[in-house]
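Everything below concerns the one structure shown next.
The values are calculated or read from the model by the stated rules, or taken from the named source; none is laboratory data. Because the structure is a prediction, the values reported are computed rather than measured. As a convention, Cβ positions derive from the backbone with ideal geometry for all residues, glycine included, and neighbour counts pool all protein chains shown.
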Amino acid sequence: MEELGYKIEKPKLITVFYTSPGGSTERIFLFFSEVSKTDKIKKGGGNDHENEDIQLVKIPVSDLLSKIMEIKDAKTILAMQWFLLNRQNH
C-alpha cells in the first residue's frame with residue numbers, strides 16, 4: 001500500500017530467490033495479487049519523508065512479451081514471465 005496505494009488480499013508467493021548467490025545474502029520474496037480500481041485506497045508513491053520516487057507503470061497484457069526485452073530489472077522480468085505463463089489461472 002505504501003508504494004502503490006493498493007489494498008491487496010491474499011497475495012500469492014511466486015518464488016523466493018537470491019539477488020546474487022555467493023555474493024550477497026539478500027533475498028527477494030516475489031508475490032502476485034490482482035487489484036482493481038476499487039482497491040486503490042491511498043495515494044502511493046512511498047513515504048514523503050523518505051524521498052522515494054515510486055511511479056506506477058501500467059503495461060497492457062498484450063504488450064508484456066515485447067516489454068520484457070526493454071526491462072533491465074531481473075525481478076520485474078521474472079514476474080512478467082511468471083504472469084504470462086500463469087495468466088490462464090487468474
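Condition (residue is surrounded by fewer than 11 Cβ atoms within 10 Å (Cβ to Cβ), among the hydroxyl-bearing types (Ser, Thr, Tyr), outside the structural domain of THR76 (by TED's automatic domain parsing) and out of contact with any strand residue (DSSP E or B) (no Cβ under 9 Å at 6 or more places or on another chain)) applied to region 51-65: is it met by at least one residue?
no
Tally up the residues in region 19-31 that are modelled with pLDDT under 95 and either in the same structural domain as ALA79 (by TED's automatic domain parsing) or within 16 Å of THR76 (Cα to Cα) (or both), please.
Counting residues in region 19-31 that are modelled with pLDDT under 95 and either in the same structural domain as ALA79 (by TED's automatic domain parsing) or within 16 Å of THR76 (Cα to Cα) (or both) gives 2.
If you take the residues of region 26-50 that are part of a loop (DSSP other than H, G, I, E, B) and β-branched (Val, Ile, Thr), which of them is surrounded by the fewest Cβ atoms within 10 Å (Cβ to Cβ)?
Only one residue tops the list, namely ILE41.
Report, by residue number, each residue of region 55-71 that is farther than 14 Å from ARG87 by Cα, assigned to a helix (DSSP H, G or I) and among the aliphatic types (A, V, I, L, M).
Across region 55-71, the qualifying residue is only ILE68.
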